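A short write-up of the structure that comes next.
The values are calculated or read from the model by the stated rules, or taken from the named source; none is laboratory data. Because the structure is predicted, anything quoted here is derived from the model rather than measured. No Cβ is skipped: glycine too gets one built from the backbone with ideal geometry, and neighbour counts run over all protein chains shown.
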Amino acid sequence: MAIKFYPETKTFFLDGKNMTYAFRINDADFAEHCHFGSPIGHDDLSFCKMAGATSMAASVPGDNGSPMKSYGYYPPEITFYGTGDFREPTVQIETPDGARLCQLLYAGYDILAEKPAIKGMPSMRGGETLVLHLKDPYIDFGADLYYTVYDDCSAIARRIVYINGTNDTVVLHRAYSFAFSLHNRDYKVMSLYGQWAGERSIQETPAQYGVISVDSKLTSSSAILNPFIGLIANDACETHGDAYGVNLIYSSSFVLKAQGLSDDRILVTGGINDFDFRWTLEAGEEFETPEALMVYSNEGVGGMSRQFHDAMREHLINQKYVKACRPLVINNWEGTYFNFTTDKLKEIASASAGLGIDTFVLDDGWFGKRDDDWSGLGDWVVNEKKLVGGLDAVIEHVNSLGMKFGLWFEPEMVNEDSDLFRAHPDYAIGAPMSSGRPRCYGRHQYVLDLTRKDVRDYIVESVNKILHNHHIEYVKWDYNRAVTESCSEQLPPHRQMEFAHRYALGLYDIFDRIVLANPDVFFEGCSSGGARFDGAVLAYFPQIWTSDCSDAERRTEIQYGTSIVYPQSAMSAHVSAVPNHQTGRVTCIETRAAIAGLCATGYELDMTSLTDEEREKIKAFNEEYRNNMEELVLTGDLYRSENPQKSNFFAETLVSKDKSHAVLTFYRRIRYANSPLKHIRPAGLDPNKTYKVKETGLVAKGSTLMSLGYPLILPGSDFATIKYHYDEVK
Ligand code: GLA
């Protein structure tokens with residue numbers, strides 16, 4: 001059994017794959033965290049309780065005789081404010097008398113064979129689940145803490161439901177999803193920061209006394225900081241040591257915190273960002289928080305990533321598509337931008353046929369009055385003046401070539417110059433019209449108010465109409481600006497601070513009614529590249545356009561950083577033209593294909609301008625991708641061995657789960673004259689299996705290949721790539 005409770009010691013043990021999570025109910029009825037890490041025995045863990053308290057400790061309310069009893073000193077499963085705990089609270093409430101006090105103490109538990117889904121929010125599927133019931137002894141306010149463990153990954157999914165059982169209104173000032181603590185402060189805090197066209201760089205900061213906070217205030221998860229926080233032991237590295245990761249499955253403003261405490265522990269907590277948040281819970285209402293996916297590995301940062309990848313592939317990403325062969329696309333965006341005609345699109349499709357490309361994706365510019373990014377968003381009606389013969393003329397041509405047709409939408413947006421805005425200016429988010437304040441633009445557009453049902457209905461109907469009336473098998477769903485004025489004309493004043501979370505709920509509602517309602521359409525997520533790359537989007541969209549920077553050189557860093565949390569199959573990457581449109585850099589087509597071929601792949605250039613030689617190469621790349629790479633991208637394990645964010649090289653080995661196949665992709669940024677000899681070493685092979693290296697004919701044990709490697713003989717100049725294929729010899 002994965003979850004076990006021992007009544008004598010009041011201890012819960014949750015055993016996942018290679019991992020135990022344990023906590024106990026102590027003599028103050030507090031849920032005291034004991035362990036998250038390597039598997040441990042089901043022993044009495046009371047010996048690890050707090051050894052002492054300082055004179056400034058506040059005792060448990062009402063207990064004047066036990067200085068050792070203080071909520072502020074117990075390692076927590078949840079922290080609450082106003083009763084002696086000065087750490088970051090997981091929850092803060094306000095009752096009608098103005099008090100902000102609560103004590104959430106043990107009130108029972110349930111063990112469920114299957115995890116119930118969260119109402120209105122995406123979450124991990126399945127898994128045995130513990131529900132720990134906590135209640136305030138003086139008012140009928142409680143918290144149900146959900147814990148789910150899995151036997152196929154070292155992961156635990158956590159969330160909290162806050163329950164107002166009182167006859168009055170309770171206001172939530174803060175309602176995080178989880179808390180736990182690590183036993184000492186010997187950790188680095190890892191986060192992924194970035195910007196447009198430069199997403200998910202790795203940042204590591206020594207854990208400190210006080211709070212390190214990773215957050216978004218954008219009403220989206222954002223490219224600025226990803227909803228991820230890592231705690232990496234100081235003696236850990238990419239391949240060894242303790243590494244913990246928390247990923248919040250949430251697409252709106254979030255916060256994740258690591259607080260170094262004076263007792264040398266680190267408190268980790270977070271959830272919905274409580275900045276600009278206040279939620280009114282009427283009598284009898286509950287509040288569901290988004291789920292946090294927490295993983296552990298003693299195989300360093302690489303092991304942590306592989307646990308995230310397995311957990312997401314097995315339990316989060318749409319099962320129908322997660323391991324299925326992906327569309328190999330030609331997207332016209334960088335090939336034409338807005339400047340296309342029906343004939344031009346047909347020519348690009350024709351030029352792509354026969355090369356192994358199976359899907360043609362028509363990007364922005366096909367609808368409304370959309371010849372640039374100043375107008376048209378919101379009007380999901382085909383622009384037949386531009387697309388002579390309508391959408392069907394293009395679709396029929398694409399289909400006649402044996403290819404599928406895909407289409408771009410940006411459903412959450414509206415331009416001022418659009419029929420939608422002219423008819424319904426109030427649909428757009430902005431300062432209240434009565435205030436006279438001008439609204440903020442972003443890419444000349446506004447975000448639609450998804451907290452409103454009528455707005456969501458408009459989006460669902462207009463997008464579904466296009467999907468139902470045309471033979472569309474792929475959708476790219478974009479989102480190109482952040483919410484600035486976080487308010488809705490339709491929410492009462494006391495609920496305005498509910499906006500950012502209500503936007504997320506509205507977003508999931510339209511995902512349900514468009515994405516899930518069209519199960520045969522393959523949906524790709526996008527947000528000015530990768531500005532909304534998160535677990536909630538991945539629950540609906542099996543892949544996300546990783547970055548608007550399509551330069552292979554920069555992509556090594558972006559893809560490396562993204563892989564810290566997200567699987568290769570979740571990243572979409574295209575071969576684009578040179579000089580690259582974002583950086584002006586020229587890289588050879590082999591490197592562009594090799595780097596894009598580590599993800600769900602495709603092309604994004606004017607295929608009509610290729611030479612015959614390039615066309616032959618593209619055909620060969622696609623064969624290599626389908627035959628040797630795709631299975632590894634979809635189901636394999638990733639072993640990173642050269643970090644381009646720190647070195648002149650980038651190296652990743654993708655290894656099949658049974659370790660019978662592997663491909664090492666090695667990339668050199670700058671070629672130095674007479675540079676020191678560099679050895680290339682694959683990683684993740686089975687040391688005891690014998691492999692044949694396709695490129696050299698060498699037959700050797702995995703242990704030999706991984707230890708000795710090969711001296712780098714890489715012809716060409718800068719930005720060159722070499723690949724090695726390993727196949728088990730029986
Ligand atoms: C965003 C996307 C691009 C492209 C454009 C179209 O920037 O990230 O891939 O779709 O929008 O306007």
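For the stretch 475-485, the set of residues classified as more than 12 Å from the ligand (Cβ to nearest atom) and either surrounded by fewer than 20 Cβ atoms within 10 Å (Cβ to Cβ) or among the aromatic types (Phe, Trp, Tyr) (or both) consists of THR484, GLU485, listed by residue number. Listed conditions (1) away from the ligand (no atom under 16 Å from the Cβ); (2) over 33 Å from the mean Cα position of the chain (by Cα) are all met by LEU355, apart from (2). Considering (1) surrounded by fewer than 16 Cβ atoms within 10 Å (Cβ to Cβ); (2) under 30 Å from ALA500 (Cβ atoms); (3) more than 15 Å from the ligand (Cβ to nearest atom); (4) at pLDDT 95 or above, the lone condition that ASP392 does not fulfil carries the number (2). Taken over the stretch 545-556, the criterion of being of a type outside the set (Phe, Trp, Tyr) and buried (at least 24 other Cβ atoms within 10 Å of the Cβ) is satisfied by THR546, SER547, SER550, ASP551, ALA552, ARG555, THR556. Here VAL398 does not qualify as crowded, with 22+ Cβ neighbours inside 10 Å, within 12 Å of the ligand (Cβ to nearest atom) and of a type in the set (Val, Ile, Thr). Candidates ALA349, ALA311, ALA324: the one that is assigned by TED's automatic domain parsing to the domain that holds PHE541 and away from the ligand (no atom under 15 Å from the Cβ) is ALA349.
Any residue that is outside the structural domain of ARG495 (by TED's automatic domain parsing) and either over 19 Å from the mean Cα position of the chain (by Cα) or closer than 23 Å to ARG100 by Cα (or both) - is there at least one of those in the stretch 188-205? Yes; the residues of the stretch 188-205 include at least one that is outside the structural domain of ARG495 (by TED's automatic domain parsing) and either over 19 Å from the mean Cα position of the chain (by Cα) or closer than 23 Å to ARG100 by Cα (or both).
Might you check whether a residue that is within 16 Å of the ligand (Cβ to nearest atom) and hydrophobic (A, V, I, L, M, F, W, C) occurs anywhere in the stretch 507-521? Within the stretch 507-521 (the criterion being within 16 Å of the ligand (Cβ to nearest atom) and hydrophobic (A, V, I, L, M, F, W, C)), the answer is no, since none of the residues qualifies.
So, in the stretch 588-612, of the ones that are out of contact with any strand residue (DSSP E or B) (no Cβ under 9 Å at 6 or more places or on another chain) and part of a loop (DSSP other than H, G, I, E, B), which residue ends up farthest from the ligand (Cβ to nearest atom)? Selected residue: THR611. Quickly run through the stretch 651-710 and pick out the residues that are polar (S, T, N, Q), within 15 Å of LYS730 (Cα to Cα) and part of a loop (DSSP other than H, G, I, E, B). Residues satisfying the conditions are SER660, ASN688.
Here VAL170 fits the description: at pLDDT 95 or above, over 22 Å from the mean Cα position of the chain (by Cα) and not assigned by TED's automatic domain parsing to the domain that holds GLU485.
When LYS188 is evaluated against the numbered criteria (1) within 25 Å of CYS153 (Cα to Cα); (2) in contact with a Pro (Cβ under 8 Å, 6 or more places away or on another chain); (3) crowded, with 22+ Cβ neighbours inside 10 Å, which criterion, by number, is the only one it fails? It fails just one condition, (3).
Just one of the listed residues (GLN490, GLN496) is more than 16 Å from the ligand (Cβ to nearest atom), assigned to a helix (DSSP H, G or I) and among the polar types (S, T, N, Q), and it is GLN496.
Being touching a helix residue (DSSP H, G or I) at 6+ places or on another chain (Cβ under 7 Å), closer than 30 Å to TYR458 by Cα and either of a type in the set (A, V, I, L, M) or part of a strand (DSSP E or B) (or both) is true of PHE523. Scanning the stretch 327-346 for residues that are under 32 Å from the mean Cα position of the chain (by Cα) and within 14 Å of the ligand (Cβ to nearest atom) yields VAL329, ILE330, ASN331, ASN332, TRP333, GLU334, GLY335, THR336, TYR337, PHE338.
Looking only at the stretch 660-682, decide whether some residue is outside the structural domain of SER563 (by TED's automatic domain parsing), polar (S, T, N, Q) and within 30 Å of TYR321 (Cα to Cα). The answer is yes; a qualifying residue exists. Screening SER547, SER572 for residues that are within 16 Å of the ligand (Cβ to nearest atom), assigned to a loop (DSSP other than H, G, I, E, B) and either closer than 12 Å to CYS599 by Cα or in contact with a strand residue (DSSP E or B) (Cβ under 6 Å, 6 or more places away or on another chain) (or both) leaves exactly one candidate, SER547. From the residues in the stretch 361-378 that are in contact (Cβ under 8 Å) with a residue 60 or more places away in the chain and part of a loop (DSSP other than H, G, I, E, B), which one is farthest from the ligand (Cβ to nearest atom)? That would be GLY378. Going by the structure shown, is HIS444 surrounded by fewer than 19 Cβ atoms within 10 Å (Cβ to Cβ), at positive phi and either in the same structural domain as SER528 (by TED's automatic domain parsing) or within 16 Å of the ligand (Cβ to nearest atom) (or both)? Taking the combined requirement at face value, the residue satisfies it. Answer yes or no: is there a residue in the stretch 105-113 that is under 23 Å from LYS10 (Cα atoms), surrounded by 19 or more Cβ atoms within 10 Å (Cβ to Cβ) and of a type in the set (Asp, Glu). No, the stretch 105-113 contains no residue that is under 23 Å from LYS10 (Cα atoms), surrounded by 19 or more Cβ atoms within 10 Å (Cβ to Cβ) and of a type in the set (Asp, Glu). Note on the stretch 1-27: residues that are assigned to a loop (DSSP other than H, G, I, E, B) and more than 18 Å from ASP144 (Cα to Cα) total 8. Yes or no: the stretch 418-430 includes at least one residue that is outside any helix (DSSP H, G or I), within 16 Å of the ligand (Cβ to nearest atom) and in contact with a Ser or Thr (Cβ under 8 Å, 6 or more places away or on another chain). For the stretch 418-430, residues outside any helix (DSSP H, G or I), within 16 Å of the ligand (Cβ to nearest atom) and in contact with a Ser or Thr (Cβ under 8 Å, 6 or more places away or on another chain): present. All conditions but one from (1) among the small types (Gly, Ala, Ser); (2) farther than 26 Å from LEU448 by Cβ; (3) assigned to a strand (DSSP E or B) apply to GLY406; the one that does not is (2). Any residue that is of a type in the set (A, V, I, L, M, F, W, C) and surrounded by fewer than 16 Cβ atoms within 10 Å (Cβ to Cβ) - is there at least one of those in the stretch 643-656? No, the conditions are met nowhere in the stretch 643-656. In the set (1) among the β-branched types (Val, Ile, Thr); (2) part of a loop (DSSP other than H, G, I, E, B); (3) closer than 23 Å to ARG513 by Cα, VAL388 fails one condition alone, (3).
To keep it simple, each residue is scored yes or no on (1) under 29 Å from ILE224 (Cβ atoms); (2) assigned by TED's automatic domain parsing to the domain that holds THR546; (3) touching a residue at least 24 places away in the same chain (Cβ under 8 Å); (4) under 24 Å from the mean Cα position of the chain (by Cα).
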{"residue": "VAL455", "(1), (2), (3), (4)": "yes, yes, yes, no"}
{"residue": "ILE459", "(1), (2), (3), (4)": "yes, yes, yes, no"}
{"residue": "VAL463", "(1), (2), (3), (4)": "yes, yes, yes, no"}
{"residue": "HIS468", "(1), (2), (3), (4)": "no, yes, no, no"}
{"residue": "ARG481", "(1), (2), (3), (4)": "yes, yes, yes, yes"}
{"residue": "GLU485", "(1), (2), (3), (4)": "yes, yes, yes, no"}
{"residue": "LEU491", "(1), (2), (3), (4)": "yes, yes, yes, no"}
{"residue": "GLN496", "(1), (2), (3), (4)": "yes, yes, no, no"}
{"residue": "PHE499", "(1), (2), (3), (4)": "yes, yes, yes, yes"}
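Do the conditions hold for CYS526, that is, is it among the hydrophobic types (A, V, I, L, M, F, W, C) and within 16 Å of the ligand (Cβ to nearest atom)? Considered against the rule, which asks whether it is among the hydrophobic types (A, V, I, L, M, F, W, C) and within 16 Å of the ligand (Cβ to nearest atom), CYS526 comes out as yes.
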